[in-house]
Every structure is written in structure tokens, then in C-alpha cells.
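Report on the structure given below.
The values are calculated or read from the model by the stated rules, or taken from the named source; none is laboratory data. Since this is a predicted model, take the numbers as computed values, not measurements. Note that we place each Cβ from the backbone using ideal geometry, even for glycine, and neighbour counts take in every protein chain shown.
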Amino acid sequence: MSTRYCLVTGANRGLGLEFARQLLARGDRVIAACRHPGKASALNLLAGEYPGCLRVAPLDVAETGRHAALVHELPLLTDGHPLDLLINNAGVLRGGERFGTVQASDLETSFRTHALGPFLLVQALFPQLADGATVVNISSEIGSIGLRQEFRTPSYAIGKAAQNMATSLLAQALKVRGIKVVALHPGWVRTDMGGTSAQLTPRESVAGLLQVIDGLRADDSGSFLDWQGQPLPW
């Protein structure tokens, strides 16, 4: 496989950091975006292991006014190459929510981080995506309306459901250039968000997700799949 230029958001820890690690190990070039690069110690150590191959950029996906700075800087970060892969991974989770006390601020933060921000970031980056590129929105089965049978993490669930709709709409908008857009559920992963009881390690989840990404075909665009490539209900 030829070298790809990849942008990963929320790359300072968890799945985002593991995406950067595995993409680099495959020989890809990675632009790792996170809110506070100076505090991303693990990411900066990884950059030292792959000089010139991993470049770190500041980005708060929810702050859409900052998207333009990344768009402006990206040609320098990629040495003028278009992006082959965009992974919208940045996420937030407000735990312990109970019906009757759900806060508007938590709903707004989730919507901006999971749906509004990634949607507008793709729109802004569209001219710098390669023809035939892939856009991956890291979603969650918690955002599946068809699977919901309990009241759980409402702000996260609503944000992810909105992200799934954004995925479907972007797939329609970007198909004119053969760009695939998918929503992928990473499984229950042992990260700060997933907790220590989760079933998968980040390494296992990302390895499966990359295998799914590698196997995507044009008619898979607009799909909602899990980390093993199985379709999930919307």
C-alpha cells in the first residue's frame, strides 16, 4: 500500500493516539490534531520516534472558528499532498447523567464535538481531500436509535446520533469526487472514556477499524459499521 496522508483529531490519547501509532507503523504520514499539543506528552514522544512523519497541530473540533487555521496550515503539514484519510475521532462523554437533571451545556458540548464540529471540518477540508479519499467518523452503537432500550448517557447518545446523520449527508455530498464517508463503532474499548472494564484494548480496536477502512468500497459510503465491519442499525 502506498503512503497515505492522514489527519486524526483527538489524537493526544486513547483511540486517536493509537490510530496515529498504527498508521505511522504502516508507513503513513500523520497529522495529529488535539486541543493542547504542549500537554500531549505521549503524542510528542511518538513524534520523536517518527521525525518528519508525525506532525502535531492544535485543533478544538468544537470551536469551529479555529478550523480555518488548520485549513490554512495543512498544506505545510502535508508538504502539499492532499489528505487520503480523515479520522474524526475527538469525543467527549458526560457520565452519571440522570433524567430530570440533564444539562443543556452537556447536550450542546456533545453536539458541537460529535456532529457540528466534524461536519463543518469536513466541509472546510473538502478542497484538500484527495479524490477517492476516506472520511471516518468514530461513532458509537450508543448513537443507534434502533438499538436503544435504556436511558443512558443521553448527551453522548444524542450527539452521536446527530453525527450519524451528518455521516449520511456527507456521503451524499462527497460522492461526486469518489470520497467515502462512514460511521464506525470502535467497540467497548479500555480508554479514559470506555473505562477499565471494557472488552477491547485500543490496539485491538484500531487494528480492526483499520482493516475495515482498508476494505471499504464505494458503495459502503454512508454506512454505519462496527470495528469488525458488521452493519449496525441507525
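Here are a few things to note about the model shown:
- Some residue of the stretch 43-64 being out of contact with any strand residue (DSSP E or B) (no Cβ under 9 Å at 6 or more places or on another chain), farther than 16 Å from Ala20 by Cβ and part of a helix (DSSP H, G or I): yes
- Pair list, Cβ < 9 Å and 6+ apart or interchain, from the stretch 193-216 residues that are farther than 17 Å from Arg13 by Cα and part of a loop (DSSP other than H, G, I, E, B) to residues that are among the charged types (D, E, K, R) and at pLDDT below 95: Ser197/Arg190; Gln199/Arg190
- From the list Ala183, Ala162, the lone residue that is under 15 Å from Gly143 (Cβ atoms), crowded, with 22+ Cβ neighbours inside 10 Å, modelled with pLDDT of 95 or more and not acidic (Asp, Glu) is Ala183.
- Set side by side, the residues Thr201, Thr191, Thr167 differ, and just one is of a type in the set (Val, Ile, Thr), surrounded by fewer than 20 Cβ atoms within 10 Å (Cβ to Cβ) and under 18 Å from Gly91 (Cα atoms), which is Thr201.
- From the list Arg148, Arg177, the lone residue that is of a type in the set (D, E, K, R) and either in contact with a Cys (Cβ under 9 Å, 6 or more places away or on another chain) or at pLDDT below 95 (or both) is Arg148.
- The residues in the stretch 125-146 that are outside any strand (DSSP E or B) and either in contact (Cβ under 8 Å) with a residue 12 or more places away in the chain or β-branched (Val, Ile, Thr) (or both) can be counted, and the count is 11.
- Top-ranked residue of the stretch 10-32 - restricted to ones that are assigned to a strand (DSSP E or B) and touching a helix residue (DSSP H, G or I) at 6+ places or on another chain (Cβ under 7 Å), ranked as nearest to Pro75 (Cα to Cα): Ile31
- Residue check for Leu83: more than 24 Å from Ser205 (Cα to Cα), buried (at least 20 other Cβ atoms within 10 Å of the Cβ), modelled with pLDDT of 95 or more and in contact with a Leu (Cβ under 8 Å, 6 or more places away or on another chain): no
- Of the residues making up the stretch 1-25, those that are touching a residue at least 60 places away in the same chain (Cβ under 8 Å), closer than 21 Å to Arg112 by Cα and in contact with a strand residue (DSSP E or B) (Cβ under 7 Å, 6 or more places away or on another chain) are Leu7, Val8, Thr9, Gly10, Ala11, Leu15, Gly16.
- Pick from the stretch 116-143, criterion more than 24 Å from Ser205 (Cβ to Cβ) and polar (S, T, N, Q), ranking: surrounded by the most Cβ atoms within 10 Å (Cβ to Cβ): Gln128
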